[in-house]
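I have placed the structure first, in the form of structure tokens, so that the comments after it can refer back to it.
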Amino acid sequence: MLIFQLISEFFITGLFAVGGGLATIPFLSAMTTKYDWFTTETLTTMIAISESTPGAMGVNMATYVGVHMMGLVGGVVTTLSLVAPSIIVICIVAQFLNQFKESKIVQSIFYGLRPAVVALIVVACSSIFMQVFLIGRTFENMQLNILNATVFLFVFVLYKWKKLNPILIIVMTACLGILLQL
Amino acid sequence: MKEYIELYLLWFKLGLFTFGGGYAMLPLIEREVIEKKGWSTQEEILDYYAIGQCTPGIIAVNVATFVGYYRKGILGAICATLGIISPSLVIISLIATLLPQFQDLAIVQHALSGVGIGVCVLMTSSIIKLWKGSIKDKIGICIFVVSLVIAYMIKTSTILVVVLAGICGILVKNVVRSKGDAQC
């Protein structure tokens, strides 16, 4: 049943996504291949909306998927499933905070985990990048979308140079999308 | 009872007034939790952040759970967590319900195509920052490349990669180092 699939997928995401909101993107991206819940295009919209609305990005994305699939009930279910592992794990860790902080084992796990999480996020984002920057679905007739790539470079340099707010970037690219008929 | 409601309301406020979560929330937490309420000290909050990053789940949620737990035990942790997720539930539910009704309009289509580029900009910037903070030596690069290949070949291998990388970290730090390898 859909509701149980949503609960288990988001509980697992909450349990294995280490490093915050961005780390949930690989799990969401895997959902696009595992189920036909949403497309990469919808995922891109979800990320944009989650970044530019209040609240933690990971929570927003979980809510979005839930509402997208099953309305308000779905939103409540996916969000609670996502945070349930946090409540359990943190309540356990809180008992021995100092040992955890100084534990060599925990530090060595994270020594290995951090580069892997970056790799997972890169792979998950590559499907978004392909959807934005490539025209043509099959390998033979693939082409770089030059207009999109130009806009990307322009906005990226502006973002880094002027240290703009992420929300402003979303608003700005939305306006550019309308102006340039992207 | 009053204190549980207070916990819920404070984290509701923090969830409502911060964008992006994570460290974006820190200044507001400093003002509300440390200065106004006196529930935690600066060092405690930074500890919660440090641990919230290396425990599963959303960082901001983990920090909220910590503050709630130390204040009022498990029920306090639940109240704080529910507080921080409630604004998301309301706002995202509205947007996710309304957006499909406008999604077919040409102007919305163009805006969303543009926003796709914005998402790529933000993601690229986040990935560069993450790379700098996470990959500091040759072993890190090796773990990155191997994870990248596995994740690319098998699209649903996320958990596998996370578990393997953790084991790899333990092995490298404890086995290799005890043999006298200096490079970690």
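Listing for the model above:
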| item | result |
| --- | --- |
| For peptides A:170-179, B:75-84, sequence by mean Cβ density within 10 Å, most packed first | B:75-84, A:170-179 |
| Folded to 0 to 90 degrees: helix A:104-133 orientation relative to chain A principal axis, Cα | 20 degrees |
| Farthest positive-ward along chain B dipole, Cα basis, beta-carbon charges - from B:I95, B:G83, B:G73 | B:G73 |
| Helix axis angle, A:166-179 relative to chain A longest principal axis, alpha carbon, degrees | 30 degrees |
| Charge dipole (debye, nearest 20) of the protein assembly as shown; +1 at Cβ of Lys and Arg, -1 at Cβ of Asp and Glu | 720 debye |
| Cβ crowding within 10 Å averaged over residues, with A:54-60, B:1-7, A:120-126 ranked highest first | A:54-60, A:120-126, B:1-7 |
| Contour excess over end-to-end distance, with Cα ends at A:M70 and A:L2 and 0.36 nm allotted per residue | 23.6 nm |
| Tilt relative to chain A, helix A:146-162 - C-alpha long axis, 0 to 90 degrees, to 10 | 60 degrees |
| When each of A:K163/B:K2; A:K104/B:K129; A:K104/B:K2; A:K104/B:K138 is checked by Cα-Cα distance, pairs over 30 Å | A:K163/B:K2; A:K104/B:K2 |
| Exercise: per-residue mean of other protein chain Cβ atoms within 10 Å, B:42-48 | 1 |
| Shape category assigned to the protein assembly as shown from the gyration tensor of Cα positions, a/c cut at 1.5 | oblate |
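Here, each number is a calculation from the coordinates, and none is a lab measurement. Model, not experiment: these values are computed from the prediction. In this analysis, Cβ positions are derived from the backbone assuming ideal geometry, glycine residues included, and neighbour counts consider all displayed protein chains.
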